[in-house]
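Before I ask anything, here is the structure I am working with.
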Amino acid sequence: MSVYEDQSAVTVIGLGPMGRALAGAFLDAGLRTTVWNRTAGRDTELVARGALRAASAREAVAASPLTVVCVVNYDAADAVLRQDEVAAELKGRTVVQLSADTAARARDLGEWADRHGIRYLDGAIMTAAPSIGTDSAVFLYSGPLGLYEEVRGVLDALGGTHTHLGEDIGRAAAYDLALLDIFWTSMSGYAHALALAQAEGVTPRELARFAQGIAAILPPLFEEFAADVEDGTYSGEINPVTSAVSTMSHIVHASEAHGIDASVMRATEGLARRVIGLGHGQDGFMRVTELLGRRG
C-alpha cells in the first residue's frame, strides 16, 4: 500500500483555472487537499468545498507528502519551489510539476530537486481545464517510473488517461511543446482561412462545415508522414512539393490581394521552395522536416 493511500493528502500550488480544476478533482475524489496561490482570493470556492488554505508556500508543501504545481511557467514555479524554506520542507517529499515550459527547464528543475532530496516528476496536461476529472482528460509524465507508479493512485483522481513516457525528466515537456506546436500552428492557419474566406464573401460558419472535413483527413496523414520522416522516405507520390508550392502561392496572392497578412504562408512557401532548390521537388512536403532540423 502506498503512503499516499494512508494519508490521502495532496497540495496544489497555483490556482489559475487549471489549478482550481485540479484541486476540485482531488476534492471530488475525497482527498484531503491543501491549496495555495501567490495571489490571494482564488481559493475561496475551494475552501468552501473543503480544501485547506495554506498561509504560505512553506506551509502548503509541509501539509502533504505530494505537491502538484500548476503555474504559468517554470519561472513562476522556481520562484516558489527554490525558496530555501520551501526546499527544506520538500526534502523527502514528492513534487509533480504540471506547469508548461521547455524540456531543458524540466531537466534543470529535476536536477535541482535531486540535489535537494526532493522526489520529482514532470508532467503535462494536454486538455483544457473543463476536462479535468472527466474521462477526456489527458496527462503525460516523465521521470522515475517507480515514483510515478507510487503516486498514480492519487493522480487517477484527476480522471482521464495517464501515460508515463520514460525516465528522462524532459520527455513530457518535449511532447507538450511538439503537440502544442501542432495546435497553435493549426489555429493560426484556421484564423487565416476564416479571414480569407470572409474576404471572399464566405461566412465562418459556412466554411466550418467543410473545415471539419479537412481536419478528418489529418489523423491518417499524421501516421503516414511520421513514417516518412522516421524512415527518411519522404514520399511525394500523392502530392509532390512542386505541386504543393503552387497551391501555397495561390493562397499568398489571394490573401495579399485582399490586404490580408500572408506572412505565415509565405514562410511555409519559402521552406517548400528551398526543398525544391535542394533537388527534392518530387518528394513530399515532409522533406521540410529535414530542412528544419539542419544545424548550422
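The values are calculated or read from the model by the stated rules, or taken from the named source; none is laboratory data. The model shown is predicted, which means the values in this text are computed figures rather than measured ones. FYI the Cβ positions are ideal-geometry reconstructions off the backbone, even for glycines, and counts take in every protein chain you see.
Within segment 84-109, restricting attention to residues that are over 20 Å from R42 (Cβ atoms) and polar (S, T, N, Q), which residue is surrounded by the fewest Cβ atoms within 10 Å (Cβ to Cβ)?
T102
Mind checking which residues of segment 263-278 are in contact (Cβ under 8 Å) with a residue 12 or more places away in the chain, part of a helix (DSSP H, G or I) and out of contact with any Leu (no Cβ under 7 Å at 6 or more places or on another chain)? Working first, answer last.
Of the residues in segment 263-278, the ones in contact (Cβ under 8 Å) with a residue 12 or more places away in the chain are 264-266, 268-269, 271-276, 278.
When the remaining residues are screened for being part of a helix (DSSP H, G or I), the result is 264-266, 268-269, 271-276.
Across segment 263-278, the qualifying residues are V264, M265, R266, T268, E269, A272, R273, I276.
For segment 87-102, enumerate the residues that are on the phi < 0 side of the Ramachandran plot, outside any helix (DSSP H, G or I) and of a type in the set (G, A, S).
S99, A100
Mind checking which residues of segment 45-63 are closer than 20 Å to A113 by Cβ and within 26 Å of the chain's Cα centre (by Cα)?
A57, A60, V61
How many residues does segment 210-262 hold that are in contact (Cβ under 8 Å) with a residue 24 or more places away in the chain and outside any loop (DSSP other than H, G, I, E, B)?
The qualifying residues number 11.
Further, regarding this structure: Return only the number of the condition from (1) within 25 Å of T233 (Cβ to Cβ); (2) at pLDDT 95 or above that E256 does not satisfy.
Here E256 meets the rest and fails (1).
Report, by residue number, each residue of segment 45-86 that is assigned to a helix (DSSP H, G or I), of a type in the set (A, V, I, L, M), in contact (Cβ under 8 Å) with a residue 24 or more places away in the chain and more than 22 Å from A104 (Cβ to Cβ).
Of everything in segment 45-86, those that are assigned to a helix (DSSP H, G or I), of a type in the set (A, V, I, L, M), in contact (Cβ under 8 Å) with a residue 24 or more places away in the chain and more than 22 Å from A104 (Cβ to Cβ) turn out to be L46, A57, A60, V61, A62, V86.
Also, I was wondering about something else. Can you tell me which residues in segment 111-132 are buried (at least 20 other Cβ atoms within 10 Å of the Cβ) and either outside any helix (DSSP H, G or I) or touching a residue at least 60 places away in the same chain (Cβ under 8 Å) (or both)?
Result: I118, R119, Y120, L121, D122, G123, A124, I125, I132.
Something else about it: State the number of residues belonging to segment 118-140 that are within 16 Å of D78 (Cα to Cα) and not hydrophobic (A, V, I, L, M, F, W, C). If you could, list the steps in order and put the result at the bottom.
Here is the first cut: in segment 118-140, the ones within 16 Å of D78 (Cα to Cα) are 118-123.
Add one more test, that the residue is not hydrophobic (A, V, I, L, M, F, W, C), and what stays is 119-120, 122-123.
Residues meeting the conditions: 4.
Based on this model, can you work out whether L155 counts as surrounded by 18 or more Cβ atoms within 10 Å (Cβ to Cβ) and either among the hydroxyl-bearing types (S, T, Y) or assigned to a strand (DSSP E or B) (or both)?
Taking the combined requirement at face value, the residue does not satisfy it.
Return the only residue of R42, R38, R105 being in a helix (DSSP H, G or I) and either free of Cβ contacts under 8 Å to residues at least 40 places away in the same chain or under 27 Å from the mean Cα position of the chain (by Cα) (or both).
Details: R42 fails: in a helix (DSSP H, G or I); R38 fails: in a helix (DSSP H, G or I).
The unique qualifying residue is R105.
Restricting to segment 47-75, give me the number of residues that are surrounded by fewer than 17 Cβ atoms within 10 Å (Cβ to Cβ) and among the hydrophobic types (A, V, I, L, M, F, W, C).
Of the residues in that region, 4 qualify.
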